[in-house]
1. Antiparallel DSSP bridges in the chain: what percent, to the nearest 5?
2. How high is the relative contact order of the chain? Use alpha-carbon pairs under 8 Å, at least six apart in sequence, and give a whole percent.
3. Could you give the angle, 0 to 90 degrees to the nearest 10, between helix 193-206's Cα long axis and the longest principal axis of the Cα atoms of the chain?
4. What ranking do 7, 177, 115 get, fewest neighbouring Cβ atoms within 10 angstrom at the top?
5. Compute the distance in nm between two label points, each set 7 Å from the Cα along the Cα-to-Cβ direction, one at residue 136 and one at residue 171.
6. Helix-only mean residue ellipticity at 222 nm, the chain, DSSP H runs n ≥ 4 weighted -39,500 (n - 2.57), per residue, nearest 500. What is it?
7. Among 110, 153, 87, whose mean-square fluctuation peaks in a Gaussian network model of the chain (Cα, cutoff 10 Å)?
8. Roughly how tilted is helix 59-75, in degrees to the nearest 10 and between 0 and 90, from the longest Cα axis of the chain?
C-alpha cells in the first residue's frame, strides 16, 4: 500500500549549537504531533539527532504540516532551516502508529535516497507523488515559498513577521506593535507577504484537487 512518507533533516546541523538545536527540533516534532494527531498514520519521530520521519494521511495534510513547521520555526525564532522530502510510496510492513520505527518498504528506501540527493540542491522541499502535473506545480510553488521566507531577516523582523502570520491585516499588526500604519504597510510590501500568502493558497488548493 502506498502512503505519504515525510522525511526531514536540519541543514548544516554540525555548525549549530547541538544542545539548543535538538531541543528546538524536538519542540517542532511535538508541536506537529499534537496539532495533527488525526492526520498522522505514524507520528513524526526523530530517527537520528538531526532527522525525523513520519507517515501522513494525505497530500493536503503533508503540505499543511510543512507550512506549519516553517511558521512555527519563525514564530519561535529558531536558528535553523529544515529540508523536506514527501514521497508517495509503498510501505510493505505494518505501519507503526506509535512511533515511526520498524517499518520497511520501497517508499521509505526511495525517500532516503531522494533526501540524500536533495542535500546537493539549493531547494529545501521535494515532493514525489503519483501525479506528475500536480507534482510539478507543488514543487515550483515551494520554490517560490522558499525564496520568500529564506530572504526574511528573522533576527531583525521576527516579531513583525510573526504578527503578520498570526493577524494577517497590516492595520491589526500596526495596532499590536504600536506602530504607524503606513510604516507597517510598507514593511508588508518589502517582506513580500502577499506573494507568500498566494504561494500558500496555491499549495493548499492544488493539494485538494
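FYI, it's all coordinate maths here, none of it is from the lab. Computed from a predicted structure; not experimentally measured. Here the Cβ is made from the backbone with ideal geometry for all residues, glycine too, and neighbour counts use every protein chain on show.
1. The antiparallel fraction comes to roughly 85 percent.
2. Values: 301 pairs, mean separation 46.8, N = 209.
Once divided by the residue count of the chain, the mean separation gives 22 percent.
3. 30
4. On the way: 7 23, 177 15, 115 19.
By the 10 Å Cβ count, ascending: 177, 115, 7.
5. Going from the residue 136 label point to the residue 171 one covers 4.2 nm.
6. Numbers: 8 runs with 112 residues, N = 209.
That comes out to -17500 deg cm²/dmol.
7. Highest fluctuation of the listed residues: 153.
8. Between the helix axis and the principal axis of the chain, the angle is about 50 degrees.
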